[in-house]
Amino acid sequence: MAVYHMDCMELLSKIPDEHVSMILTDPPYGISYQNHFTNQKHPFIIGDDGINYSLFARECYRVLQNNAHAYFFTRFDCYPYHYECLEKAGFTIKNCMIVEKGTIGGIGDLHGSFANNSEWIIFCQKGRRKFNKTTLLRNRKPEGTKSNTGRQPAKKYKTRFNSCWFGSEYPKATYNSTWQKKHGIYHPSIKNMEFLSWLIQLSSNSGDLIFDGFMGTGSTALAAILTERKYLGAEISQKYYEIIQNRIKEMR
């Protein structure tokens, strides 16, 4: 298990074929993103002037095991290009997940556009893998309830999830500014460890290796630890790399 202070593409070039069990990552969109919603101004993210996404997609496909899942965060305006690159790399794209953020975005045209309260995630498969059965979410119908359509009686826990995660029953995709102030960790888009752990539990097994080439403040690594998985990733920013190491130490 390791997080390296280096460029993601450099790390990918060193990883053997079919080495990782699952990919869960938020690559830069090339928009030099800076959150202006809070009083705490974040520095521009190093590397967010964009990557060679086509090469990144091909390398991710190469290092991922057969019959495995991959999740790539994206944006509405980057989605078509990211979709195209991932499909050309060989991935079967199954869904675009829409997940509620922990806070409402405040950038852009505040009076002429809708507030951004969601994260977009492209869900892919290499080969074919079924979701794991989990105890993450209870069915609303009591266990054993039979429907009029002749389907199997309701299970205690959900075995099929919606592609849109909104509401109190689902974890938020990101932490809000209150969480950042409480923990003294500031980043434009800190992913919620619980949310990432749900995806990991659905798409991998205990002991599997989870890859995140853009670790940010390390939420993917923490989610892997929480779910008894291994982790491998990179973070190019020295500042955020040090935060990752501190968060991992505190968790252990």
Next item on the list: Find out how many positive minus negative residues lie around Gly216, taking Lys and Arg as positive, Asp and Glu as negative, among other residues whose Cβ is under 9 Å from that of Gly216.
Entry: -2
Next item on the list: Compute the Cα gyration tensor for the range 161-216, then decide on rounded, prolate or oblate, letting a ≥ b ≥ c be the square roots of its eigenvalues: rounded whenever a/c is under 1.5, prolate when a/b is larger than b/c in the other cases, and oblate in all that remain.
Entry: oblate
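Read the figures in this text as sums done on the coordinates, not as results from a lab. Keep in mind that this is a model prediction, so the values were computed, not measured. For neighbour counting, all protein chains shown are included, and Cβ atoms are generated from backbone atoms with ideal geometry for every residue, glycine included.
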